[in-house]
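Take a look at the structure set out below.
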Amino acid sequence: MKKKQFESICRNVLPNLPGFACKGWLLYARPTTHILWGFCCDSSSFDPSIFTVTVFVLPLYVPTAHLYFNYGHRLRDNRGCEKWWNIEEPDLALKLLDCIQREGLPFLERVQEPSQLISLVERLPGNTNPHSLEAIAYSLAITDNYACAQV
């Protein structure tokens, strides 16, 4: 999948996702505040017509030089398996929109504030790695819980 193809799909789903915009590989909520909400397309290195979409949140108050998707997951099909899409699939935009609305938006809506990001990070496997601990500490600091942020 090429970036322009993903942007084309996004243009088809945007009328049904108020408050979202598309730029390159990202479909993201705007305006952004403390937390970036979004979806990112990841093309397959084996087949140029295959791609997957990751739903993610990214705390913008944690210093970083790039986007990362530690706080999210690939969209899944009805069986709970990671969904890989084919650009040639009939009604692709409608199927992707359905998956975004069914699975992606509920995930994003659960992480609207830094305190909710803390809960998400604490539930993730590997939540004691330095990046997760850093996100928790910054989230605590931005919620004025300085004493816990220093621990």
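Exactly one residue out of 44, 132 is among the hydroxyl-bearing types (Ser, Thr, Tyr) and in contact with a helix residue (DSSP H, G or I) (Cβ under 9 Å, 6 or more places away or on another chain), and it is 132. Considering the stretch 30-53, and only residues there that are closer than 19 Å to residue 95 by Cα and of a type in the set (Phe, Trp, Tyr), the residue that is surrounded by the most Cβ atoms within 10 Å (Cβ to Cβ) turns out to be 39.
Scan the stretch 110-134 for residues that are out of contact with any strand residue (DSSP E or B) (no Cβ under 9 Å at 6 or more places or on another chain), open to solvent by 30 Å² or more (accessible area, probe 1.4 Å) and part of a helix (DSSP H, G or I) and report the count. Adding up the residues that qualify gives 8.
When restricted to residues that are free of Cβ contacts under 8 Å to residues at least 24 places away in the same chain and not in a helix (DSSP H, G or I), the stretch 140-151 contains 4.
Of all the listed residues (42, 47, 91), the sole one being out of contact with any Cys (no Cβ under 6 Å at 6 or more places or on another chain) and closer than 30 Å to residue 122 by Cβ is 42.
From the list 62, 13, 55, exactly one residue is more than 24 Å from residue 123 (Cβ to Cβ) and touching a residue at least 12 places away in the same chain (Cβ under 8 Å). Which is it? Steps first, answer last, please.
Details: 62 fails: more than 24 Å from residue 123 (Cβ to Cβ); 55 fails: more than 24 Å from residue 123 (Cβ to Cβ).
None of the other options fit; the residue is 13.
Please work out if residue 137 is at negative phi, in a helix (DSSP H, G or I), crowded, with 16+ Cβ neighbours inside 10 Å and among the aliphatic types (A, V, I, L, M). Judged against the criteria, residue 137 is a match. Restricting the first member to the stretch 87-101 and to residues that are over 21 Å from residue 46 (Cβ atoms), and the second to residues that are open to solvent by 20 Å² or more (accessible area, probe 1.4 Å), the beta-carbon pairs closer than 7 Å and six or more apart or on different chains are 93/12; 95/89; 97/16; 99/83. Apart from one condition, residue 74 fits all of (1) buried (at least 16 other Cβ atoms within 10 Å of the Cβ); (2) touching a strand residue (DSSP E or B) at 6+ places or on another chain (Cβ under 6 Å); (3) within 15 Å of residue 28 (Cβ to Cβ); the exception is (3).
Among the residues of the stretch 54-66, is any open to solvent by 30 Å² or more (accessible area, probe 1.4 Å) and in a strand (DSSP E or B)? Break it down into steps so the answer makes sense when it comes.
Initially, the stretch 54-66 is screened for residues open to solvent by 30 Å² or more (accessible area, probe 1.4 Å), giving 60-61, 63-66.
Adding the requirement that they be in a strand (DSSP E or B) leaves none.
No, the stretch 54-66 contains no residue that is open to solvent by 30 Å² or more (accessible area, probe 1.4 Å) and in a strand (DSSP E or B).
For the stretch 86-101, what are the residues that are open to solvent by less than 30 Å² (accessible area, probe 1.4 Å) and over 18 Å from residue 38 (Cα atoms)? Please lay out each step first, then the result.
Residues of the stretch 86-101 that are open to solvent by less than 30 Å² (accessible area, probe 1.4 Å), as a first pass: 92-93, 96-97, 99-100.
Hit for the stretch 86-101 is 92, nothing else.
The values are calculated or read from the model by the stated rules, or taken from the named source; none is laboratory data. Nothing here was measured: the structure is a model prediction, and the numbers come from that model. Positions of Cβ are generated from backbone atoms using ideal geometry, with glycine treated the same way; all protein chains shown enter the neighbour counts. Calculation scope for accessible area: heavy atoms of the full protein, side chains included, ligands and nucleic acids excluded. Shrake-Rupley method; radii C 1.70, N 1.55, O 1.52, S 1.80 Å.
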